[in-house]
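The values are calculated or read from the model by the stated rules, or taken from the named source; none is laboratory data. Quick caveat, the model's predicted, so the values are computed rather than measured. Cβ sites come from the backbone with ideal geometry, for glycine too, and all protein chains shown count toward neighbours. Side chains are part of the model used for accessible areas, which takes the heavy atoms of the whole protein and leaves out ligands, DNA and RNA. Shrake-Rupley method; radii C 1.70, N 1.55, O 1.52, S 1.80 Å.
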Amino acid sequence: PDNNKEAEFMVEGMHCASCVWLIEKVLNDTPGIELAEVNLSQQRLRMRWDQSRSSLSSLIDRLSSFGYSAMPYNPETAEGNIRRFNRKLMYKMAFAGFGAMNIMWISISLYAGTFSGIDLSLKSFFHYVSLAIATPVLLYSGWGITSAAVRGLIKRHLSMDLPIAIGVWVTYGYSAWQTFFGRGEVYFDTVVTFLFVILIWRYLEA
């Protein structure tokens, strides 16, 4: 009678606590919303709104504009989606771990060469190999972080993904510049290892 509606939705696209914060802030700042609570582990959104002020379709569209899709909550479907999400996150974590393990051997050689001496052509070769390892790790394992940071910038809602994305891309860009045009040190190992550690935490959180 008072036009209040309440429903639970399954949200796709969440991957960390900053996503929870962003969704709750965006929805709770929307006229007509009385309650918006997100459960990250279950990928679930509980929402109560005044239908006379905001329609459900407009709320779903607003959520979609930030890169998240919502559908009516169904326990069986939600469980399957959570399993797929965790499996995908595990693949990204494993890929970053594999890259970190391999790039670390190259970094040890470069660090040893700094003190004992290393031929510049061999050093340049190691730099290119490190670049070849770091690039797919950044694009695959770090894509979710980068895309979330970009969405936040576009919508002027900054999240924890932004400093992570800035850190890895600036470090990668500097190292790539040194690989192609300079003779200084590179830090591709830092990029890959940092992403690996972040993804370990997010996988455990999920």
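Within the set LYS25/LYS92; LYS25/LYS88; LYS5/LYS88, which residue pairs have Cα atoms separated by over 30 Å?
In this structure, LYS5/LYS88 lie more than 30 Å apart at Cα.
Please compute the length gained on full extension between TRP21 and PHE85, using 0.36 nm multiplied by the number of residues separating them and subtracting their Cα-Cα distance.
Extending this stretch completely gives an extra 21.1 nm.
Using the basic label-point model (7 angstrom from Cα toward the beta carbon), what is the TRP177 to SER69 distance in nanometres?
Placing both labels 7 Å beyond Cα along the Cβ direction yields 3.9 nm.
What FRET efficiency would be calculated for the residue pair TRP143, SER116, taking the C-beta separation as r and a Förster radius of 45 Å, to the nearest 0.05? Please list the in-between numbers first.
Values: r = 38 Å, r/R0 = 0.84.
Computed FRET efficiency for TRP143 and SER116: 0.75.
Taking K and R as +1 and D and E as -1, what net charge do the other residues with C-beta under 15 Å from the C-beta of SER141 add up to? If you can, show how the numbers build up before the last one.
On the way: positive: ARG87, LYS88, LYS92, ARG202; negative: ASP161, ASP189.
Neighbourhood net charge equals +2.
Taking segment 156-205, which trypsin sites (Lys or Arg not before Pro) meet the DSSP loop condition and have no more than 15 other C-beta atoms within 10 Å?
ARG156, ARG183
If a/c stays under 1.5 just call it rounded; otherwise compare a/b with b/c (prolate if a/b is bigger, oblate if not). Do that for segment 134-206, with a ≥ b ≥ c from the square roots of the Cα gyration tensor eigenvalues.
Oblate.
Can you list which of the DSSP-assigned H helices in the chain have a Cα extent of 18 Å or more along the long axis and an average Kyte-Doolittle score of at least 0.0?
Passing helices, by number: 75-116, 120-136, 161-180, 188-205.
Using only helices, what value at 222 nm comes out for the chain when you add -39,500 (n - 2.57) per DSSP H run of length 4 or more and divide by the total residues, to the nearest 500 deg cm²/dmol?
Taking each H run of at least 4 residues, the total per residue is -21500 deg cm²/dmol.
Using a 10 angstrom cutoff on alpha carbons, build the Gaussian network for the chain and name the most mobile of GLU12, GLU185, GLU24.
Its mean-square fluctuation being the largest, the pick is GLU185.
Return the FRET efficiency for the residue pair ALA132, GLU205: r is the Cβ-Cβ distance, R0 is 30 Å, and the value is rounded to the nearest 0.05. Kindly include the intermediate steps, with their values, before the conclusion.
Values: r = 30 Å, r/R0 = 1.02.
Efficiency computed from Cβ-Cβ geometry: 0.50.
Report in % the part of the accessible area of the chain that belongs to carbon and sulfur, leaving out ligands and nucleic acids; probe 1.4 Å.
Here it works out to 62 percent.
To the nearest whole percent, what portion of all C-alpha pairs in the chain is separated by more than 20 angstrom?
Across the chain, Cα pairs with separations above 20 Å total 63 percent.
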